[in-house]
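After the structure tokens below, expect a handful of questions from me.
Read the figures in this text as sums done on the coordinates, not as results from a lab. Remember, predicted model here, so these are calculated numbers, not experimental data. Don't worry about glycine lacking a Cβ; one is built from the backbone with ideal geometry, like all the others, and counts go over all protein chains shown.
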Amino acid sequence: MASTEQPEPPTQSDLPPGDDGAARPREALVATAVKFLQNPKVRESPLATRKAFLRKKGLTDEEVDLAIQRSGSTEEVLPLSPVGLPHPPYATQLTPAPPTGYRWRDYGALTIIMVGIAFGFHQLYKKYILPLIMGSREDKKHLQRMESNIAAMSGTLTQTVTQLQQTLVHIQELLVQQQQKIQELSQELAAAEVP
């Protein structure tokens, strides 16, 4: 198939005399496999998983066995700090713990934000909500005063209207008396002119 081009394995004519291609493992792949197997995280996985991964990457069974032998890997799963590690054990602790100053700085920033929010709510309450509440109480008091004033004025107005009605009745009586007197006078005048 022309679409999947893979390098052809070396032929007998490419190899030095007396060296067959199956017996000599590819050293670069084996060296990479050894480095891979010496990784502490890889050493935690089962040996069968490691072998399967190396075979999947193109190593032969002979190369896989050689890489395992060179890396010092064993059948059992090793803990994080294996005995045959070329690196010192303290090298795995490269990330320092964050200093506690950051935590206090975060708490300080959070406190400042919370105080700002509380102050904002206090100002909002003081400027807008409290006047609405107190304003309605003052409005009620003002309405009560107005009602009492209206009731007093209504009482005064009722008295005034009553007095006006009495005055009108009195004036009507006087008018009736005046009309009677005018009629009497006009009759006397008419009687005095007739003779």
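Figure the gain on full extension for residue 32 and residue 105 (residue separation times 0.36 nm, minus the Cα-Cα span) and round it to one decimal in nm.
21.7 nm
Determine which lysines satisfy two conditions relative to residue 56: a Cα distance under 30 Å, and not lying fewer than 8 residues away in the same chain.
By straight Cα distance, residue 56 reaches 35, 41.
How far is it, in nm, from the label point at residue 173 to the one at residue 156 when both lie 7 Å from their Cα along the line to the Cβ?
2.9
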